[in-house]
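Reading through the structure tokens given below for one structure.
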Amino acid sequence: MTFSPDDLAALASDETDTVRLRLARTLLQQGDPRGALIEVQCALARAGTQAPARLREEEAALLAGHEVSWLAELGLLPGDAVFKRGFVDRVTLDTRRARGVYARLVRREPVRSLRLLVDFTGSEESLPRLLEEIREAGLPASLEQLIIDRKNYWEVILDDELQLQRQGTRMLGLSLDLQDAARPHAGLELLDLALRDAEAARLETLEVNLLARGESSLETLLQTLERVGPRPSLRDWRLSFSSPSGKEWIRWVQLGSLARLLSLYPGLQTLVLPMAELPAEHVAHPELRELSLHWSGLTPCGPSDLSQWKPAPVPKGGGLQLLRDARLPRLQRLHIDFQYAWYIAWTPEDLVPLLEAEGLPSLRQLELHNCASGDALCRELVRTKHASGLEVLDLTGATLSDEGALVLLRHRERFPRLQRLGCGPWGLSEALWTELRSQYPVDS
């Protein structure tokens, strides 16, 4: 069977199986057993775990009798693909055999997942040509997952994996698990392929999950994004660390220019970065509403043995200097996770650029987590011009003593709009903790 792009798009978005079952009836009238497989597998999908044994037996018989020939028409062998709801749904294929097969496959089946296997027996050399073939043929409207799976028997190499979030056939979001930003013909090539797809013109979210340990330079990633060009529709951009193996390592990124990144997305509203060396540069954006700097990622990324954690194992670049002269007129939420001094040797002086910032007039929610200089932070907060506009001040994990609590109590009038103060009783005397809760809307 060969379908037009519109037919494949209809199958990809056919959540109720209306299109599939209509096609099944046509095929059955023509005596094509593929129609029976569509009907049986759609019934199995509806029944779930309650499916009767009869349907399982019918499915097995149909596949035993016809799967080899159906796959052969696509250039595939048994074991290469899985049928779901009557069509090829997932394909796992060595890159050497995938060449010449990809274009035929995506014209005939609404494939949702494609895993390309790469090893040391020649498939690595085939990968660049295969990726060019994918670029020429385009990504099918059904595709939700594209993986480069490297096999190495001497070390663990995590997969480069691209996830496409769709609403029907519309591409709303991209998520990339990236093993090595500098390696050619790998994850960034997948990202480039997806961003150049016509459907990505209205992309709303972009997330990159870094898998490598140690330092990762984002220059190649920035260059890839710049080559593709601006995406005015993008609203949410997130960079994070990911460890599918469950291990955690000390990791950080070197971001040569936050201003270059922001310039690509004029409609951006949310930006999340993990631990990053940020340069001291002028940063301006007219629409950004939320900025989150996770200095250790979403969870602490370091040796699993906590005794190995030591202060400042990595540089901090310009720290928070970029906030001093930043122009972010619509920024409402600023979140910074200092992670104490486990990774970066923060000093009270490092807080000054944030608290002296003039270009954050809309700031309403300030979250300063895990700050080891909690008392110094409180002394500066009551003097900052942002205090009068804050509705949320979250100091979760900050190292506070009675000294810091007294500063907040003596200057309660500096926070007239405050609706929530996030902090805990650790380090405070019972009397001051009680008084703090009586004067502030404390959320511990």
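The values are calculated or read from the model by the stated rules, or taken from the named source; none is laboratory data. Here the structure is a predicted model, which is why all the values come from computation and not from measurement. For neighbour counting, all protein chains shown are included, and Cβ atoms are generated from backbone atoms with ideal geometry for every residue, glycine included. Note: accessible area is taken over every heavy atom of the protein model, side chains too, but ligands, DNA and RNA are not part of it. Shrake-Rupley method; radii C 1.70, N 1.55, O 1.52, S 1.80 Å.
I need the full set of residues from region 69-101 which are hydroxyl-bearing (S, T, Y) and open to solvent by 10 Å² or more (accessible area, probe 1.4 Å), in order please. Please lay out each step first, then the result.
Kept after step one, since they are hydroxyl-bearing (S, T, Y), are these residues of region 69-101: 69, 92, 95.
Once the filter is applied, which keeps residues that are hydroxyl-bearing (S, T, Y) and open to solvent by 10 Å² or more (accessible area, probe 1.4 Å), region 69-101 yields S69, T92.
Note on region 86-137: among residues that are in a loop (DSSP other than H, G, I, E, B) and within 30 Å of L55 (Cα to Cα), the one that is farthest from the chain's Cα centre (by Cα) is G86.
Restricting attention to region 390-399, the residues that are open to solvent by 10 Å² or more (accessible area, probe 1.4 Å) and not acidic (D, E) total 5.
Kindly provide the set of residues from region 214-232 that are assigned to a loop (DSSP other than H, G, I, E, B) and either surrounded by fewer than 16 Cβ atoms within 10 Å (Cβ to Cβ) or touching a residue at least 60 places away in the same chain (Cβ under 8 Å) (or both), ordered by number. Within region 214-232, G229, P230, P232 qualify.
Give the number of residues within region 344-366 that are open to solvent by 10 Å² or more (accessible area, probe 1.4 Å), in a loop (DSSP other than H, G, I, E, B) and over 16 Å from G317 (Cβ atoms).
Step one: filter region 344-366 for residues open to solvent by 10 Å² or more (accessible area, probe 1.4 Å), giving 345-350, 352, 355-356, 358, 361-362, 364-365.
With the extra rule that they be in a loop (DSSP other than H, G, I, E, B), the set shrinks to 345-347, 356, 358, 361-362, 364.
Restricting the remaining residues to those that are over 16 Å from G317 (Cβ atoms) gives 356, 358, 361-362, 364.
Number of matching residues: 5.
Pairs linking a residue in region 419-444 that is small (G, A, S) to a residue that is loosely packed, with under 13 Cβ neighbours inside 10 Å, with Cβ atoms under 7 Å and 6 or more positions apart or on different chains, are G424/S444. For region 162-213, the set of residues classified as open to solvent by less than 10 Å² (accessible area, probe 1.4 Å), over 30 Å from D6 (Cβ atoms) and over 14 Å from the mean Cα position of the chain (by Cα) consists of A186 only. Within region 405-437, the set of residues being part of a loop (DSSP other than H, G, I, E, B), modelled with pLDDT of 95 or more and open to solvent by 60 Å² or more (accessible area, probe 1.4 Å) comprises H411, P416, R417, Q419.
What tally of residues in region 284-315 results from selecting those that are modelled with pLDDT of 75 or more and under 23 Å from the mean Cα position of the chain (by Cα)? Don't jump to the end; show me each part of the working.
Of region 284-315, the ones modelled with pLDDT of 75 or more are 284-294.
Restricting the remaining residues to those that are under 23 Å from the mean Cα position of the chain (by Cα) gives 285, 287-294.
Result for region 284-315: 9.
Looking at region 1-65, the helices (runs of 4 or more DSSP H) lying wholly inside it that each contain 3 or more residues that are free of Cβ contacts under 8 Å to residues at least 24 places away in the same chain and farther than 23 Å from R112 by Cα sit at 18-29.
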